[in-house]
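First the structure, in the form of structure tokens, and then the observations on it.
The values are calculated or read from the model by the stated rules, or taken from the named source; none is laboratory data. Because the structure is a prediction, the values reported are computed rather than measured. Backbone-built Cβ (ideal geometry, glycine too); neighbour counts: all protein chains shown. Note: areas computed on protein heavy atoms with side chains; ligands, DNA, RNA excluded. Shrake-Rupley method; radii C 1.70, N 1.55, O 1.52, S 1.80 Å.
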Amino acid sequence: MSSAVNRPMSVVEWAMLLSLSVLWGGSFFFTGVALSALPPLTLVVLRVGIAALILNFILPFAGVRRPRGRAVWLAFLGMGLLNNVVPFCLIVWGQTHIASGLAAILNSTTPLFTVVAAHWLTSDERMTGNRLIGALIGLGGVAVMIGAGAMAEAGGDLLAQLAVLGAALSYALAGIFGRRFGRMGAAPLATATGQVTASTLLLLPAALVIDQPWTLAWPSRPVWGAVFGIATLSTALAYLLYFRLLASAGATNLLLVTFLIPVSAILLGALMLDEHLEPRHFLGMTLIGCGLVAIDGRLLDSVRARRRESPEIYRGRDI
């Protein structure tokens, strides 16, 4: 495990991370359509419940054995609590009091929490200067891209902002907690299936009590299309990529996706909804790219290596 998470990510892992950001970035579109007819908790339960049905159906055809035993299912319940129940509820409640732009910026603190938490809670994902500086640059990029208007709202409803920060911390702890599934020998497909199944069991009673979905009008076809889109693409497929990346690249690298989700959401809006891209979007994306390069570390390591090999070229420069 140590060698897996301390090395820079491979090209395949970066491609998986970008794909994950697109899948989760697209969830904003699906959510916007579905929330026009469904209350938040009902939508969340449909999202994880349909994903659980799909993954449980696929499991035997993929030749993957369904995990058994009390320990692994307790771990699935813990992962569902940290990765879905707690953050979903905190973000949904927080966004009823603060703007979505500010919520996105606060949620993008997840890699910062992960860098710090992984340093103290793991033995092989220690904090480095590159990772900390890169996370700060990436967070700044998200803030620039979303705009000064969202930042101006900071300090308004403090409790709601703390709720979204609590969700970011929960995501960070989930990434670290989820590392145990590799040690348990659970395949990524089995882990993704177990997590969304456990999340459904945890969230269903709350949705039945709070939303009383049987009293709602039957949703239209576009709403059902959005529900199946967010369940199949943004949940079932996304969590399969999530747990593959967690096993190979580690929690700190995986949760860089929270920087890329706003980028994907804005680019998808421009491509599919003809939304206009402004200069701040390009500046923010550039800063996020610089932050990712710093966290990856290969470019800086290459420059340092060349400096050691040819010190006369770099004399008088500090890198």
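For this structure, a couple of remarks:
- Of the residues Pro111, Pro60, the single one that is of a type outside the set (A, V, I, L, M, F, W, C) and touching a Gly at 6+ places or on another chain (Cβ under 8 Å) is Pro111.
- Search result, residues across the stretch 42-69 that are open to solvent by 30 Å² or more (accessible area, probe 1.4 Å) and touching a residue at least 12 places away in the same chain (Cβ under 8 Å): Leu46, Arg47, Ile54, Asn56, Ile58, Ala62, Val64, Arg65, Arg66
- Which listed residue, of Gly26, Gly32, Gly69, is modelled with pLDDT under 85 and on the phi > 0 side of the Ramachandran plot: Gly69
- Neighbours by Cβ (under 7 Å, 6+ apart or cross-chain): first from the stretch 212-230, more than 14 Å from Gly32 (Cα to Cα); second surrounded by 14 or more Cβ atoms within 10 Å (Cβ to Cβ) and of a type in the set (S, T, N, Q): Pro213/Thr42
- Filter pass, Leu246 being surrounded by 21 or more Cβ atoms within 10 Å (Cβ to Cβ), touching a Gly at 6+ places or on another chain (Cβ under 7 Å) and either modelled with pLDDT under 70 or under 23 Å from Met16 (Cβ atoms) (or both): yes
- Near pairs, Cβ below 6 angstrom, 6+ apart or cross-chain, from the stretch 241-263 (touching a residue at least 12 places away in the same chain (Cβ under 8 Å) and aliphatic (A, V, I, L, M)) to any residue that is part of a loop (DSSP other than H, G, I, E, B) and open to solvent by less than 20 Å² (accessible area, probe 1.4 Å): Leu246/Gly178; Ala249/Met9
- The criterion of at least 1 residues that are modelled with pLDDT of 75 or more is met by the following helices (runs of 4 or more DSSP H) wholly inside the stretch 109-191: 110-121, 129-146, 158-177, 180-183.
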